[in-house]
């Protein structure tokens, strides 16, 4: 595996005017090895033309929000995209065409959009993860270990909670956790996942993995994976206390990915956990 690039990494941000975009601007500014060189916002936004630094109460940095990604790609080494699936699909194709690396945190991709991402990763290095926090990715390793140890002797339930504004469910992180458990047991998650329960469901089938979503208030992101055996239970939990954790992780991934060869990676690769 190639070491992280030590030169200053030039970063572009999609959705720079949104909540996550503003945190990414701050995270880039806080990292001594990265520099913001492009900030993209949706067409028609009142923020077009605003200085990105001043947008987040930092000194002006000369980077003004633009609504034209294509014209900004020559300025950047890597694009960070935490937008919506349809937008990400188009951005992936554009970055592949112009050979610009990507860090993607968009969740809820369709199978066709996943395929577009896979095709792009044959031309550029891409980090794609449902969660960029160090804690979540450490949790994934613990889940893998527990699933291998318990095998089918424990029932597995994944429970996630997010704010009321989140538009997809279950969360990308919940899928990552459930998939880590299924893969460790040699299963295909699509074949064993059970999403919530209602009515007369019958007895729980051995080997299934329950996945449940809670939405309310301003919960940033809570995840719990329960391994329930007959005589004991192990619960692996992660609680996100501030969104900057995700932004800082994404910037860390951006710094890492520019030194990689073409291919699709995740945060486990970035952290050296594989």
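Readers should treat all values here as calculations from the given coordinates under stated rules, not as data from a laboratory. Being a predicted model, the structure only gives us computed values, none of them experimental. Heads up, the Cβs are rebuilt from the backbone with ideal geometry, glycines too, and the neighbour counts pull from every protein chain shown.
Result for the chain in a Gaussian network model with C-alpha springs under 10 Å: among 176, 233, 244, the largest mean-square fluctuation is at 233.
Largest GNM mean-square fluctuation across 110, 224, 133, computed for the chain with C-alpha springs under 10 Å, falls on 110.
Exposure proxy shown here: for 98, 165, 238, the number of other Cβ atoms within 10 Å sets the order, fewest to most, as 165, 98, 238. Centre-to-centre separation between the Cα atoms of region 74-110 and those of region 20-36: 17 Å.
Of all DSSP-defined beta bridges confined to the chain, some 35% are antiparallel rather than parallel.
When a/c is below 1.5 the answer is rounded, else prolate if a/b is larger than b/c, else oblate, so apply that to region 163-219 with a ≥ b ≥ c taken from the square roots of the Cα gyration tensor eigenvalues. It is oblate, given that a/c is not under 1.5 and a/b is not larger than b/c. Remark: relative contact order (the chain) = 22 percent; criterion is Cα-Cα distance under 8 angstrom and separation of 6 or more residues. For the chain, set up a GNM with springs between Cα atoms under 10 Å and report which of 87, 139, 171 has the largest fluctuation. Looking only at 87, 139, 171, the largest GNM fluctuation is found for 87. Max-minus-min Cα coordinates of region 134-239 on each principal axis give 38, 36, 26 Å, with the largest extent listed first.
Summed over qualifying helices (DSSP H, 4 residues or more, each -39500 (n - 2.57)) and divided by its residue number, the chain shows a 222 nm mean residue ellipticity of -10000 deg cm²/dmol.
Rounded to the nearest 5, the antiparallel percentage of DSSP beta bridges internal to region 134-239 is 60%.
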